[in-house]
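The values are calculated or read from the model by the stated rules, or taken from the named source; none is laboratory data. Since this is a predicted model, take the numbers as computed values, not measurements. Backbone-built Cβ (ideal geometry, glycine too); neighbour counts: all protein chains shown. The area values use the complete protein model at the heavy-atom level, side chains included, leaving out ligands, DNA and RNA. Shrake-Rupley method; radii C 1.70, N 1.55, O 1.52, S 1.80 Å.
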Amino acid sequence: MNTKNIFKTFFLCLSVISLSFTLNAQELKPLRLGVAGVSHGHLHEVLIRLERGDFEIVGVAEPDEQLRVNNPLRKKVDSSLFYADLEEMLDKTKPEAVVAYGSIYDHLAIVEACAPRGIHVMVEKSLAVNMNHANRMARLARENNTLLLTNYETTWYDTNHEAYRLIKNENAIGKINRIEVYDGHEGPIEIGCGKEFTDWLTDPKLNGGGAVIDFGCYGANLVTWLMNGERPKSVYAILKQLKLDKYPKVDDDATILVEYPSATVQIMGSWNWPKGRKDMHIYGSEGYIYQDTPGSMRVYTHRKEKTTLPPKLKEPYNDSFYYLKAAVRKEIQVQPYDLSSLENNLIVVEILESAIKSAKSGKPVRF
């Protein structure tokens, strides 16, 4: 090799090394994160991760002055980063992504502000209060090539992913024919949720409904994932107000029957359980899986039941903020009908809206 070619090769190697360092630096750099709204009880999910270093809060938008001044983030985020107006916060702080911690009704306005600016959004469950909002949000995200993710606590359960692996990769229980999903607690007022949270959580406009939305969404999300994104044939629901004195405007108990060609699903979301629960029973032609807790499950195969401790999920699939950063930085690809995906959560909203319509009419809603 002559001297000229040696120098060419040397400088090419330097360029590759430099590019590699640049990419690694970008991956290591904290995600620039904006927070839209502070009234959601799940805001503590941000607080407990603030010191971790994978994201930095560059701005917080909250229109309510009282909440803007009095919220847990004020103790850890500089007061100069709080804004009354979302669009002003976006334009001045330039976040890469925004997380939504206000009412579900507000999700549409957040996407309307973020998507045209090329800013990705992760909302707390559910995606939207109805299909009109959901379709508008989806259109904006797709037109502007931005992520629109929905975060559920159950997305990060080791047992849910182990159940999925056993069913999809090992055919451990045969063909799924029945799923029962149980979600809820004693009630948001009963467990001490703040007034700023329950004010909109128990409002049919701002939340879209009561327990049917708050806890029905978990089952609809998990089932859509387990059924590979298949839309059901019909939805039938019974919604009750068992505590009319506490929840006069919305249901506090929901039973949703979702019919698929090959399976029947019962989703039970309630503010009337004796204790908090998020468990699921999956029945197949050759066995069953009981997802009892985030870290313990029972698997029945070959006429024997075995309690199993599933393997721990690995980053970035074990945490909503790790996942958001990896998706924004294109380190991972959000697959259609994944638990956080837009495709999955459009079906979730359609199931929940159909459940509300069915409860009002007393008849199944056909898809």
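Evaluate the following for Leu244: is it open to solvent by 80 Å² or more (accessible area, probe 1.4 Å) and either within 30 Å of Gly192 (Cβ to Cβ) or over 23 Å from the mean Cα position of the chain (by Cα) (or both)? So Leu244 passes the test. Please determine whether any residue of region 217-232 is among the hydrophobic types (A, V, I, L, M, F, W, C) and open to solvent by 40 Å² or more (accessible area, probe 1.4 Å). Within region 217-232, not a single residue is among the hydrophobic types (A, V, I, L, M, F, W, C) and open to solvent by 40 Å² or more (accessible area, probe 1.4 Å).
Listed by first and then second residue, the pairs with beta-carbon distance under 6 Å, at least 6 apart or on different chains, first residue in region 68-87 and not in a helix (DSSP H, G or I), second not polar (S, T, N, Q), are Asn71/Val38; Lys76/Leu50; Val77/Ile57; Phe82/Val60; Phe82/Arg68; Tyr83/Ala61; Tyr83/Met89; Ala84/Pro63. So, in region 206-235, exactly how many residues are among the hydroxyl-bearing types (Ser, Thr, Tyr) and assigned to a helix (DSSP H, G or I)? Residues in region 206-235 being among the hydroxyl-bearing types (Ser, Thr, Tyr) and assigned to a helix (DSSP H, G or I): 2 in total.
Across region 258-314, the number of residues qualifying as among the hydrophobic types (A, V, I, L, M, F, W, C) and assigned to a strand (DSSP E or B) comes to 9. Going by what's in this entry, would Lys325 be described as open to solvent by 70 Å² or more (accessible area, probe 1.4 Å) and more than 16 Å from Trp225 (Cβ to Cβ)? No: the conditions fail for Lys325. So is Thr255 of a type in the set (Val, Ile, Thr) and either in a loop (DSSP other than H, G, I, E, B) or open to solvent by 20 Å² or more (accessible area, probe 1.4 Å) (or both) or not? Considered against the rule, which asks whether it is of a type in the set (Val, Ile, Thr) and either in a loop (DSSP other than H, G, I, E, B) or open to solvent by 20 Å² or more (accessible area, probe 1.4 Å) (or both), Thr255 comes out as yes. Return a yes/no flag: does region 118-128 have any residue that is more than 18 Å from the chain's Cα centre (by Cα) and farther than 27 Å from Gly269 by Cα. Yes, region 118-128 has at least one match. All conditions in (1) farther than 24 Å from Tyr182 by Cα; (2) of a type outside the set (Asp, Glu); (3) at pLDDT below 95 hold for Ile332, with the sole exception of (3). Screening Ile238 against (1) touching a residue at least 24 places away in the same chain (Cβ under 8 Å); (2) outside any strand (DSSP E or B); (3) open to solvent by 70 Å² or more (accessible area, probe 1.4 Å); (4) of a type outside the set (Lys, Arg) leaves a single unmet condition, (2). Kindly check whether there is at least one residue in region 341-352 that is open to solvent by 20 Å² or more (accessible area, probe 1.4 Å), without any contact (Cβ under 8 Å) to a residue 60 or more places away in the chain and out of contact with any Phe, Trp or Tyr (no Cβ under 8 Å at 6 or more places or on another chain). No - not one qualifying residue is present in region 341-352. Scanning for something open to solvent by 80 Å² or more (accessible area, probe 1.4 Å) and over 30 Å from Gly210 (Cβ atoms), does region 291-299 turn up at least one residue? No, region 291-299 has no match at all. Considering region 89-112 alone, what residues qualify as being closer than 23 Å to Leu47 by Cβ, under 18 Å from the mean Cα position of the chain (by Cα) and open to solvent by 30 Å² or more (accessible area, probe 1.4 Å)? Residue satisfying the conditions is Asp106 alone.
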